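Reviewing the structure listed below.
The values are calculated or read from the model by the stated rules, or taken from the named source; none is laboratory data. Since the model is a prediction, treat every value here as computed from it, not as a measurement. So basically every Cβ, Gly included, is an ideal-geometry build from the backbone, and we count neighbours across all protein chains shown. Just the protein is used for accessible areas: all its heavy atoms, side chains included, with ligands, DNA and RNA removed. Shrake-Rupley method; radii C 1.70, N 1.55, O 1.52, S 1.80 Å.
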Amino acid sequence: SGADVLPHLLAARPAIRVILCSGYDRDERIQALLDNGAHGFVHKPYRIKDLAATVEGAMEAYSQIVT
C-alpha cells in the first residue's frame, strides 16, 4: 500500500515528490500520508486536468528545493 511504500521512498530519496491516487475518499489516513511527505492526492476516477494540476504543484515544490 502507499502507506507502506511512502517511508521507504522518502528514506531512499528525500527530495522525491509522491502523489497519492485512490478510489477512496480523502480521509485521515490520506491526510496522514500528506502530512508525512506525500505531495498531492487525486481521487479516482480523476480528470486529466486534476492530475495535471497535482503534478504541476508537486513539480513546483521540487523546483523550490532544487533552485
Quiz prompt | Count of the stretch 16-31 residues which are open to solvent by less than 40 Å² (accessible area, probe 1.4 Å) and either among the small types (Gly, Ala, Ser) or assigned to a helix (DSSP H, G or I) (or both) | solution = 2
Quiz item: Quick check: anything in the stretch 44-55 modelled with pLDDT under 95, touching a helix residue (DSSP H, G or I) at 6+ places or on another chain (Cβ under 9 Å) and surrounded by 11 or more Cβ atoms within 10 Å (Cβ to Cβ)?
Solution: yes
Quiz item: Quick one: is Thr67 modelled with pLDDT under 90 and of a type in the set (Val, Ile, Thr)?
Solution: yes
Exercise. Would you check if Val18 is in contact with a Ser or Thr (Cβ under 6 Å, 6 or more places away or on another chain) and hydrophobic (A, V, I, L, M, F, W, C)?
Key: no
Quiz item: Taking interchain pairs and intrachain pairs at least six residues apart, which have beta carbon atoms under 8 angstrom, with the first residue in the stretch 48-67 and within 11 Å of Arg17 (Cβ to Cβ) and the second modelled with pLDDT of 90 or more and surrounded by fewer than 12 Cβ atoms within 10 Å (Cβ to Cβ)?
Solution: none
Quiz item: Are any residues in the stretch 1-25 under 12 Å from the mean Cα position of the chain (by Cα) and among the charged types (D, E, K, R), and if so, which ones?
Solution: Arg17
Quiz prompt | Hits in the stretch 1-20 - residues which are out of contact with any helix residue (DSSP H, G or I) (no Cβ under 8 Å at 6 or more places or on another chain) and closer than 11 Å to Ala38 by Cβ | solution = Val5, Pro7, Leu9, Leu10
